[in-house]
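Here the structure is laid out as C-alpha cells; the discussion comes afterwards.
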Amino acid sequence: MKYHIITYGCQMNKADSERIATVLERKGYLPARNIKQASFVVVNMCSVRQSAVDRVYNKIKNLKDKQIIITGCILKQDRTKLKKNKCEIIDFKDLFKIEPKIIYPECFVPIMEGCNNFCAYCVVPYTRGREQYRKEAEIINEATTLIKKGCPKITLLGQNVNSYPNFSTLLTKINNLPGNFKITFLTSHPKDFSAQLIDVMAKSTKIIKHLNLPVQSGDDDILKRMNRPYTVQQYKNLVARIRKKIPDIRLSTDIIVGFPGETKKQFERTVKLFKEIKFNAAYISKYSPRPGTAAFKMKDNVPLEEKKRRTKCLRNLLSS
Ligand code: SAH
Ligand code: SF4
Ligand code: F3S
C-alpha cells in the first residue's frame with residue numbers, strides 16, 4: 001500500500017507531515033511517487049482562513065476514487081462534514097516524539113506547539129490547543145542529529161517561539177553546537193520579544209538576520225479588539241531597538257485587512273505604519289471569520305471589494 005501526503009498551511013504542518021510520513025512508513029506503507037500511484041491520500045489540513053478550508057473540500061472532490069485521511073488543524077463542524085464526505089479523520093498524537101522523514105530542505109525543529117494568546121480572529125488555540133513546550137535536551141538532540149546529517153539551516157518552529165521559557169538560552173545553546181549551519185525561527189510575538197533575544201541575535205554569526213514580527217494592524221483600537229496586547233508605539237519602539245542592535249535585519253510582518261469594524265481611517269494608520277517601518281516583506285490576509293473565535297461574534301462588515309482594495313494598497317507600498 002502506498003501513501004501520498006498533501007500539506008496545507010504553515011510550517012508547523014510541514015513539520016508534522018515529515019513525522020506523519022515516519023509513522024506511516026513504520027506501519028509498512030511506502031511513499032507513492034505521485035498522487036496517482038497512491039492507494040490512500042493523507043490531507044494535512046489548515047483552517048486559518050475559509051479559503052484554506054475550501055481548498056481541502058475541492059481537493060477531496062477530485063480524489064473521489066481514493067481513500068482519504070484528514071489530519072492537522074480541523075474545526076469541529078468540518079469534522080462532521082468531512083466524515084459525511086467519506087473521509088477518515090486521524091489526529092496523530094505526540095508527533096514531537098517521532099523522528100522526521102526529511103521531505104523539505106528546511107530542517108524544521110518544532111520547539112513548542114499550540115497557543116495561549118487567543119487573538120480574537122484566530123483558530124489556532126482551538127485547533128492546536130494550549131502551549132506545550134518540548135524539552136530542551138530533546139530539541140538540542142534533534143538539532144545535533146540534523147547538523148551531523150549535513151543540514152545547512154535549522155528552522156525552530158512554534159506558533160509563538162519566543163514564549164518558550166528561556167528562548168534566548170535555547171538559541172545560544174544551538175548556536176554553540178559545532179558545525180557550519182544557520183539558524184532561523186518563526187513566529188515571534190511582539191509582546192514576548194526580549195532585550196536578551198535581541199542581544200543573542202546581534203552577537204550570533206549563525207542566526208539568520210531575518211525576523212517575522214507580525215503586527216496585524218497599525219491602529220491601537222483594532223489591536224485592542226484583536227486582543228493583541230501592545231500598542232503601535234510599543235511595536236515601533238521594539239523595531240527601533242532591534243534595528244539599532246542589528247542594523248542589517250530583514251523585517252517581515254503579518255497583516256489582517258478588514259477586521260470587523262475596521263474603518264478607512266483605521267486602515268490608513270496601517271498604511272502610515274508601512275510607510276514608517278518599510279518592511280522587507282508582508283503577509284497580507286483578508287479577514288476571514290472563523291467559527292468559535294471571539295471575532296466571529298462581531299459583524300464582518302468590510303466588503304470583500306474593500307478588503308481587496310486595502311490588500312492592494314499595502315502590496316503597492318511594499319514594492320515601492
Ligand atoms: N502565530 C502566528 C501566526 C499564526 S496564523 C502569529 O501570532 O503571528 C498566520 C497569520 O494568519 C496570522 O499572523 C494572521 O495574519 C493570519 N490570520 C489568522 N487568522 C486569520 C483570520 N481569521 N483571517 C485572516 N487572516 C488570519
Ligand atoms: Fe493565532 Fe494569535 Fe496565537 Fe498567533 S498568537 S497563533 S495569531 S492566537
Ligand atoms: Fe498552521 Fe493553519 Fe494550523 S496556519 S497552525 S496549519 S490552522
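The values are calculated or read from the model by the stated rules, or taken from the named source; none is laboratory data. Keep in mind it's a predicted model, so treat the numbers as computed, not measured. Glycine also receives a Cβ, built like all others from the backbone with ideal geometry; neighbour counts cover every protein chain displayed. Ligands, DNA and RNA are stripped out before the accessible areas are found, and what is left, the full protein with its side chains, is counted by its heavy atoms. Shrake-Rupley method; radii C 1.70, N 1.55, O 1.52, S 1.80 Å.
Just wondering, is there one or more residues in segment 102-112 that are open to solvent by less than 30 Å² (accessible area, probe 1.4 Å), within 16 Å of ligand 2 (Cβ to nearest atom) and not in a loop (DSSP other than H, G, I, E, B)?
yes
Only one of (1) closer than 30 Å to residue 100 by Cα; (2) in contact with a Pro (Cβ under 6 Å, 6 or more places away or on another chain); (3) open to solvent by 60 Å² or more (accessible area, probe 1.4 Å) is not met by residue 133, so which one is it?
(2)
Against the condition at pLDDT 95 or above, open to solvent by 10 Å² or more (accessible area, probe 1.4 Å), more than 16 Å from ligand 3 (Cβ to nearest atom) and farther than 30 Å from residue 243 by Cα, how does residue 268 come out, does it pass?
The answer is no for residue 268.
Which one is surrounded by the fewest Cβ atoms within 10 Å (Cβ to Cβ), of the residues in segment 156-172 that are in a loop (DSSP other than H, G, I, E, B) and out of contact with any Ser or Thr (no Cβ under 9 Å at 6 or more places or on another chain)?
165
Being among the β-branched types (Val, Ile, Thr), over 13 Å from residue 190 (Cα atoms) and in contact with a strand residue (DSSP E or B) (Cβ under 6 Å, 6 or more places away or on another chain) is true for just one of 277, 246, 256. Which residue is that?
That would be 256, the only listed residue that is among the β-branched types (Val, Ile, Thr), over 13 Å from residue 190 (Cα atoms) and in contact with a strand residue (DSSP E or B) (Cβ under 6 Å, 6 or more places away or on another chain).
Is it the case that residue 73 is in the same structural domain as residue 193 (by TED's automatic domain parsing) and not aromatic (Phe, Trp, Tyr)?
It is false that residue 73 is in the same structural domain as residue 193 (by TED's automatic domain parsing) and not aromatic (Phe, Trp, Tyr).
Being among the β-branched types (Val, Ile, Thr), part of a loop (DSSP other than H, G, I, E, B) and touching a Ser or Thr at 6+ places or on another chain (Cβ under 8 Å) is the filter here, so list the residues in segment 193-224 that pass it.
Within segment 193-224, 208, 215 qualify.
Residue 188 - would you say it is open to solvent by less than 30 Å² (accessible area, probe 1.4 Å), more than 23 Å from residue 114 (Cβ to Cβ) and among the polar types (S, T, N, Q)?
Here the answer is no, as residue 188 does not meet what is asked.
For (1) free of Cβ contacts under 8 Å to residues at least 40 places away in the same chain; (2) not aliphatic (A, V, I, L, M), each residue gets a yes or a no:
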| residue | (1), (2) |
| --- | --- |
| 86 | yes, yes |
| 101 | no, yes |
| 104 | no, yes |
| 111 | no, no |
| 119 | no, yes |
| 136 | yes, yes |
| 154 | no, no |
| 162 | yes, yes |
| 182 | yes, yes |
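So, residue 25, is that one at pLDDT 95 or above, more than 15 Å from ligand 3 (Cβ to nearest atom) and within 24 Å of residue 142 (Cα to Cα) or not?
yes
Take residue 78 and tell me if it is more than 13 Å from ligand 3 (Cβ to nearest atom) and not assigned by TED's automatic domain parsing to the domain that holds residue 184.
Considered against the rule, which asks whether it is more than 13 Å from ligand 3 (Cβ to nearest atom) and not assigned by TED's automatic domain parsing to the domain that holds residue 184, residue 78 comes out as no.
Which condition does residue 167 not pass, out of (1) more than 16 Å from residue 207 (Cα to Cα); (2) within 16 Å of ligand 2 (Cβ to nearest atom), if it passes all the others?
The number of the failed condition is (1).
Could we say that residue 150 is part of a loop (DSSP other than H, G, I, E, B) and either in contact with a strand residue (DSSP E or B) (Cβ under 6 Å, 6 or more places away or on another chain) or free of Cβ contacts under 8 Å to residues at least 12 places away in the same chain (or both) here?
In short, yes.
Within segment 225-252, which residues are of a type in the set (D, E, K, R), part of a helix (DSSP H, G or I) and under 22 Å from the mean Cα position of the chain (by Cα)?
Answer for segment 225-252, where residues must be of a type in the set (D, E, K, R), part of a helix (DSSP H, G or I) and under 22 Å from the mean Cα position of the chain (by Cα): just 225.
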